[in-house]
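Student: Pasting in a structure now, in structure tokens, and then I'll have a few things to ask.
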Amino acid sequence: MIRFNDILEKVSSSFKEKDTTLLKKAYVFAARAHKGQNRRSGEPYLSHPLEVTNMLADMNLDVTSLVAALLHDVPEDTEASSEEIKQTFGTNVAHLVDGVTKISRMEENLPEKRKAQTIQKIILTMTDDLRVIFIKLADRIHNLKTLKFLEEKKQQRIARETLEIYAPIANRLGIGRIKAELEDLSFRYVDPDNYFKIASLVEPQRKKSQRELNRIKRNLQKILQENRIPAEIFYRIKRLYSIYHKMNHQNIDFSQVYDFIALRLITNSVENCYSALGIIHQQWPHLPHRFRDFIAMPKSNLYQALHTTIITDKKQTIEIQIRTQEMHTLAKHGIAAHWKYKETDSRAMVKEDQRLHWLREMVDLYQEQKNPNVFLKNLKSKLIPEDVYVFTPKGKVITLPMGASALDFAFKIHTEIGLHAEAAKVNGQKVPLKTPLKTGNIVEILTSPQKNPSRDWLNLVFTSTARHHIKRWLNQQDRIKNTSLGKKLWKKEVEKYKVPPYMQKEDFILQRLSKISSFRAQKMDDFYALIGFGKIILNKKFMEKLFSTQELSPKKDHLFRKVVTKVSKKQKSSIKVRDESGKAVHLAKCCSPIKGEPIIGYITSGKGITVHSQRCPLVTKEILNHQRMVEVSWEDSLKGTYKGSLLIRAEDAPGVLAKITAAIAQLQGNITKAEVNTFGNKKARTKLTLKIKDIGHLENIIKKLSRIQEISSVERI
């Protein structure tokens, strides 16, 4: 168990006397509050906040963080209140303790199905004061170390959540030491079989490698001294989870993990980093494909170092990492190494720090998409390390996740560039927007004012940011189309009644709507959109609710039967079917209506109007609610192809199928699917799916097929 005096000794050189006094005061307060309490391990409860505080002291965090760490479990597990902490230690400490308490309470009390909501709140709490997550990460590490005292189901839940959320967050913040420890501690409980399997492979290799590492280290130190390059050299063995992840992710054997052992060379300047690299490459052969320059192109969490893999004279591969002392500190402690709170507003830092760009994007997403499950899905994609580095034509480095496309790049540059992207140039060659990018690519986006997103674009992007902007644009277009559609439907419905002019005014309609339904509309366009999306169904019942029945009288009663039987004889509807892939008006899949045949529109909730053929069984058998029926008509200028299906009965004789296909080809029909069945009585039945221009085209094909001697019948299905 760590002692409080050990913590005081660590911070004595950096804390002022008033800071250490405050820390001692917090220790006494926590000791009194937790007096008599034990953890499940049997240790005094105070051991936990001391361990957490000690970790933060190792990260060189400020006194406010350490005081909050000592007190972080007090409101939750003792009789002392948050208000008492606020009065004794001030608003900042109380705020941090409250933030950690909220996270812990959500984790413990919420069922698994609400996990997404919990994580969502954690991310939003981080934006309030990032020190909250530092305390929580340290808290999680110590809890993992005592996980063996919990039941197996809880062990699995906590360990898996750590691997999915907390370890990636630590990675994003650049806190490498904590990230690695979280992964290894969780790995043992999430996948014990692979944990012990890899441990058994590592142990004998570790002993063998240490001798070789010491030999290379001595040689390297001698060479650097001869060249007057100051350096400290350490070695490390790759951690178990990191080995497992690499083997699993790259589908390789343990023997192919080239960075299993590594030397870390720490020197005093960037210039000496590159000088040391040159000397190393002169002394030992290296693997070119394993060289990485993270000094010139830092990782998204600002990690910097030179990585190279050499081959020793004993044919063993060893990775060498070269960095300055500042880079080394940043690799261990990440953003915490530079995060000073004494005179700076935390929220301002969240806005400014480059490492927190992903966090700012998640907050922006939350403002528009508050569904916790969608939020968690997008967060997980954000937490994937950005390890593809590409360049703009002007040489600016853009970091993207592995798997990102040229279209992702376009949205990363600017939303408007993404929305109007037409194509891309990668290294001077024109490529489709779906092209995956690789490190070192020089990417240019070609735009056009006429180019806009389609639903297919959602399959071209990898990043949640690009997906969010595409969905947002599509939803805006849906609203525009459905608002226009709703306005037309409203106008047609109002024409059926004698409505006094004052009742048709905006203020009257919107006020009445709020009284008769749960819908709220600030302007008429909102009302029209509700109609267009099918959330409000215009029928006699609704109109009588909206308008008082004493003053509203119908001009004429419209029956569903009259609509269906006479629709083709009426004047063309103002609602046109313009685009078979349109959003407000789209074709039903159940009957696949073809341009030119009689159709009827059906208001589908949330989707606008679905167009059905009048021959559709859902219409003829009156399965569809007639109150949702509206008149629609084909746009004369509409061009495109439609799906038509035919059932052909014929003799089972040689050459019949050839005659069928020839006849269809002569009329420029396109067969997309054919299914032929023959029977013992020398009869055959053929089902064809065709692409045709309109209903007249299909009827001509049916007539031509009917003239073939061996065919007994042709019918549309």
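Please treat every number below as a calculation from the coordinates, not as lab data. Just so it is clear, the structure is predicted and the values come from calculations on it, not from any experiment. Heads up, the Cβs are rebuilt from the backbone with ideal geometry, glycines too, and the neighbour counts pull from every protein chain shown.
Student: I need 462, 679, 260 ordered by Cβ neighbour count within 10 Å, fewest first.
Tutor: So the ranking, lowest neighbour count to highest, is 679, 462, 260.
Student: While we're looking at this one, here's another question. Measure up 430/451; 24/179; 25/179; 246/394 against 23 Å on the Cα-Cα distance and list the ones that go over.
Tutor: 24/179; 25/179; 246/394
Student: Right, here's the next one. For 34, 626, what ranking results if the residue with the fewest other Cβ atoms within 10 Å of its Cβ goes first?
Tutor: 626, 34
Student: Still on this structure: What is the spin-label model distance, in nm, from residue 480 to residue 37 if the labels are put 7 Å beyond Cα along the C-beta direction?
Tutor: With each label placed 7 Å out from Cα toward Cβ, I get 5.8 nm.
Student: Here's a follow-up. Hand me the chymotrypsin sites (Phe, Trp or Tyr not before Pro) from the stretch 1-91 located in a DSSP loop with no more than 12 other Cβ atoms within 10 Å, in residue order please.
Tutor: none
Student: Tell me, what HN-Hα J-couplings in whole Hz come from the Karplus equation 6.51 cos²θ - 1.76 cosθ + 1.60 at θ = phi - 60° for each residue of the stretch 9-19, using x for Gly and Pro?
Tutor: 5, 5, 9, 4, 7, 10, 9, 6, 4, 5, 5
Student: Hull surface divided by four, with the convex hull built on the Cα atoms of the stretch 4-190: how many nm²?
Tutor: For the Cα atoms of the stretch 4-190, the hull's average projected area reads 10.3 nm².
Student: Given a Förster radius of 51 Å and the C-beta distance between residue 60 and residue 508 as r, what FRET efficiency does 1/(1 + (r/R0)^6) yield to the nearest 0.05?
Tutor: 0.15
Student: Something else: When 297, 247, 126 are ordered from fewest to most other Cβ atoms inside 10 Å of their Cβ, what list results?
Tutor: 297, 247, 126
Student: Follow-up question, since we're still on this one. So which trypsin sites (Lys or Arg not before Pro) in the stretch 607-669 pass both tests, a DSSP loop state and at most 14 other Cβ atoms within 10 Å of the Cβ?
Tutor: 615, 621, 639
Student: Then there is this: Around residue 257, with a cut-off of 11 angstrom between Cβ atoms, what is the net charge of the other residues, counting Lys and Arg +1 and Asp and Glu -1?
Tutor: -1
Student: Next question, about the same structure. Given the convex hull over the Cα atoms of the stretch 194-332, what projected area results after averaging over all orientations, in nm²?
Tutor: The directionally averaged projection comes out at 8.5 nm².
Student: Counting other Cβ atoms within 10 Å, keep those with at most 16, restrict to DSSP loop, and tell me which GluC sites (Glu not before Pro) in the stretch 65-98 are left.
Tutor: Filter output for the stretch 65-98: 79.
Student: Would you be so kind as to identify which of 666, 650, 711 lies farthest towards the positive end of the dipole of the stretch 642-716, taking Lys and Arg as +1 and Asp and Glu as -1 on Cβ and the Cα centre as origin?
Tutor: Checked the options; the winner is 666.
Student: Here is a follow-up. So how strong a dipole does the stretch 607-667 carry about its Cα centre when Lys and Arg Cβ are +1 and Asp and Glu Cβ are -1, to the nearest 20 debye?
Tutor: The calculation lands at about 160 debye.
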